[in-house]
Amino acid sequence: MSEEDTYVRAKLTEINGAIERLTQMLNRMIDVISAITEVQENTSELTIAVNANTERLDEITRMIADLELSAPTTMATSGPGLADKGAVSNLQAVLDTLETQVREGVIASDLAQRINESAGILEGKGITGALIVKMQRWTRILRTYGRVDTISPADLAKLRNDIKEWSRELAKMR
């Protein structure tokens, strides 16, 4: 072999190594771009879920406002009359609707606001005591989350159980 052949062979080996390094770098870049794409898709899905939850919570707020207009303002002291039972049924429907809104992906600050509004409506209808205190407690718990944080699965399970308990307490008023 001549000196030129050795030189060309060395240069080709060097070029081959550079091509292999470029290939590895491109593969890593493709992996990074794939990860970014997945994050963007997940973000889009979360945005859709949050928007759906917000719309549903707004619907609950409208239902609560409608209940304020249609339900009596005080509870009878001699025992629940027919109108009072209807008001309790309407308030029960609000709690049932609230229970359907407690799902993965719900924003804690939105739900805290809805629970606080529900507690205010119940209190305005003459319901006092432990039920209101428990609802306000959940409002405080949910406010400890960040402004756009979702609720942890453990807290979601506890909240669902408490909403069922609130429903039982309302049922006792009948």
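The values are calculated or read from the model by the stated rules, or taken from the named source; none is laboratory data. If you're wondering where the values come from, they're calculated on a predicted model, not measured in any experiment. Positions of Cβ are backbone-derived with ideal geometry, glycine not excepted, and every protein chain shown enters the neighbour counts. Side chains included, ligands, DNA and RNA excluded: accessible areas come from the protein's heavy atoms. Shrake-Rupley method; radii C 1.70, N 1.55, O 1.52, S 1.80 Å.
For the full complex of protein chains and a 1.4 angstrom probe, list 145, 7 by accessible area with the highest value first.
Ranked from most to least accessible, the order is 7, 145.
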Computed FRET value (nearest 0.05) for residue 169 with residue 62, which takes r as the C-beta separation and R₀ as 30 Å: 0.80
Amide hydrogen neighbours beyond the local backbone of residue 151, cut-off 5 Å, H modeled: 105, 106, 108
Cross-link reach list, lysines versus residue 125, counting only Cα pairs under 19 Å and skipping chain neighbours closer than eight places: 85, 134, 172
Backbone HN-Hα couplings from phi across the stretch 16-23 [Karplus 6.51/-1.76/1.60, Hz, Gly and Pro as x]: 4, x, 5, 5, 5, 5, 4, 4
Burial ranking of peptide ranges 146-156, 27-37 (average Cβ count within 10 Å, highest at the top): 146-156, 27-37
Under 16 Å from residue 158, Cα to Cα: aspartates and glutamates that are on another chain or at least 8 residues apart: 96, 99, 104
Fully extended contour minus Cα-Cα distance, from residue 16 to residue 29, at 0.36 nm per residue: 2.7 nm
FRET E, pair residue 9, residue 43, Förster distance 45 Å, beta-carbon r, rounded to 0.05: 0.30
